Every structure is written in C-alpha cells, then in structure tokens.
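Below you'll find the structure, written out as structure tokens, and then a few comments.
Every number here is computed from the coordinates shown, using simple stated rules; none is lab data. Note that the coordinates shown come from a computational prediction; the quantities given were computed from them, not determined experimentally. Neighbour counts are summed over all protein chains in view; Cβ atoms, including those assigned to glycine, are modelled from backbone coordinates with ideal geometry.
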Amino acid sequence: MINLIWLTLIAVGIIVAAINGQPEIITDSVLQAANLGVKYSFDLIGLMTFWLGIMRLGEVAGLVDILARLIRPFTRFLFPSVPQDHPAMGAILLNLSANILGLGNAATPFGLKAMQELQSINKGSNEASDAMITFLALNTSCITLVPATIIGVRVAAGSANPTEIVGTTIFATSVGMILAVTFDRIFRYFAKKRG
C-alpha cells in the first residue's frame, strides 16, 4: 500500500511539473534530495557511533543493567506469561532500555531477538501471542528520555537549538506509551471475555 502512495505522489508531481512547463524542477529536486540524504546519513554516522559507544560503555559499566532492573517490575506486570529467566525477557529489557535512551537503531536487533524468543514460547502458533502484541505496542510507543537520533538530524539540518525537543519528546512518548499499554489491556480484556 505504501508503495502505491509513493508512486502516486511521484506521478502527480511529474504531471504537475509537466503541465506547468517546468520538468527540470523534478530533476533538480531529486538531485537535491539525494544529496541531502547522503549528507544527513554521514552526519548521523558520527552521532550513532557516539551513542552506540555510550550505550556499550553503559552496558559494560552496568548502567543498562540498572535501567533493566528498574523496569523489570513493569515488565513482570506486562508480560506475565513470559518466565523472568527466559531469554525473551532479557531481549525485551535491552530493547526497552535502548528505546528509552533514544537509540532506535540499537533497539532494533534486540526487538527482533525478543520476537524470535517470544515465538519460541508461543507453542508453534502462527498467531501472535498476548506477549508479542504487548511487546509490539510497547516497542513502537516506548518513552524516550534522550531522542538522540532526532537531535542528530536537527544538528545535521543546522538547528540553532537541537535539544529543545527533549521536553516535548518525553511528554509525547509518555502519553503514547500510556495509551498503548492501556488499549492493549482493554482489548485483551474484551478478547478474553468473548473467547
């Protein structure tokens, strides 16, 4: 579906430029966007290397373990069907810790590992378990305390104050996470009531 949307947007842009007699605008826009994408990518490499290094230092120093211990009671409540010593719980804790620190790229491998481990205790079912659904809701809406990637994009774009979004990011991600967890619980309650 998303491919169709992008194709439609590109086709409409080309048609409008041709109707207005300015097809060169398409070429110029494509080249400028490609150059900007490459520039931002290189700017983000340094930032992501820095934050992944900080994450690694935090992991070695025990900061990630401390953060994981702080959120462990929260995960026990949210994932009652997952044994606390199961590898899925470790991957979930690492994923949430990386997301809280704003390291979405670092969180992705942990998220994939968590889903793989959750599937291993899903009794061979092709349907997502309650734990998998809760994890997906939590992963996509997790509170972010340090939006490192967005700050990096703002630095690359030349923002005068790239960190001014921290407060609003914490607020928005907090509200999003609370709503995701609340609706996950509500839908699960009604699903169990029906079935």
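Before we move on, is Thr49 within 20 Å of Gly152 (Cα to Cα), among the polar types (S, T, N, Q) and either in a helix (DSSP H, G or I) or without any contact (Cβ under 8 Å) to a residue 40 or more places away in the chain (or both)?
yes
Of all the residues that make up region 100-150, how many are in contact with a helix residue (DSSP H, G or I) (Cβ under 8 Å, 6 or more places away or on another chain), more than 21 Å from Asp43 (Cβ to Cβ), of a type in the set (Gly, Ala, Ser) and not in a helix (DSSP H, G or I)?
Final tally of qualifying residues: 2.
Does Leu57 qualify as being in contact (Cβ under 8 Å) with a residue 60 or more places away in the chain and closer than 29 Å to Ser159 by Cα?
no
When region 129-157 is examined, which residues are found to be surrounded by fewer than 17 Cβ atoms within 10 Å (Cβ to Cβ) and in contact with a Phe, Trp or Tyr (Cβ under 9 Å, 6 or more places away or on another chain)?
Ile133, Val153, Ala157
Looking at this structure, is Ile100 farther than 23 Å from Ile170 by Cα and either touching a Gly at 6+ places or on another chain (Cβ under 8 Å) or not polar (S, T, N, Q) (or both)?
Taking the combined requirement at face value, the residue does not satisfy it.
Taking only region 60-88 into account, find how many residues are part of a helix (DSSP H, G or I) and without any contact (Cβ under 8 Å) to a residue 24 or more places away in the chain.
Adding up the residues that qualify gives 13.
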